[in-house]
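Accompanying notes for the structure given below.
The values are calculated or read from the model by the stated rules, or taken from the named source; none is laboratory data. Since this is a predicted model, take the numbers as computed values, not measurements. Every residue, glycine among them, receives a Cβ derived from its backbone with ideal geometry; neighbour counts consider all protein chains shown.
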Amino acid sequence: MQTAEIKHLAFCYFLGDVATYIVGIRTNREVVFELKNKRAQWVYVQTSLDNSSNYVVTEGLNAGCSVIYKGNINLANQTPVRVKN
């Protein structure tokens, strides 16, 4: 089981302030890992504007989701995750 840190998203359209290290590439598509039922689940996302440290995510994330933002580099889909407090 891997340890991860999460952020809770409060907006239906989560635009901005998504650090570039949160967005990864799996099967040649951009993904973000979301915490669901104590497991890391990859979610395909669409991004637009970016700079050296942030992306704007325009599709794929919903209000109330918990995004894994630390410990996500070596995750695979459905990896059991323990949340670090």
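If you go through the range 24-52, how many residues are modelled with pLDDT of 85 or more, crowded, with 16+ Cβ neighbours inside 10 Å and assigned to a strand (DSSP E or B)?
10
Across the range 71-85, which residue is farthest from residue 31 (Cα to Cα) among those that are surrounded by 14 or more Cβ atoms within 10 Å (Cβ to Cβ) and within 13 Å of the chain's Cα centre (by Cα)?
71
Here is a check on your reading of the model: is residue 56 crowded, with 19+ Cβ neighbours inside 10 Å and either on the phi < 0 side of the Ramachandran plot or in contact (Cβ under 8 Å) with a residue 24 or more places away in the chain (or both)?
Here the answer is no, as residue 56 does not meet what is asked.
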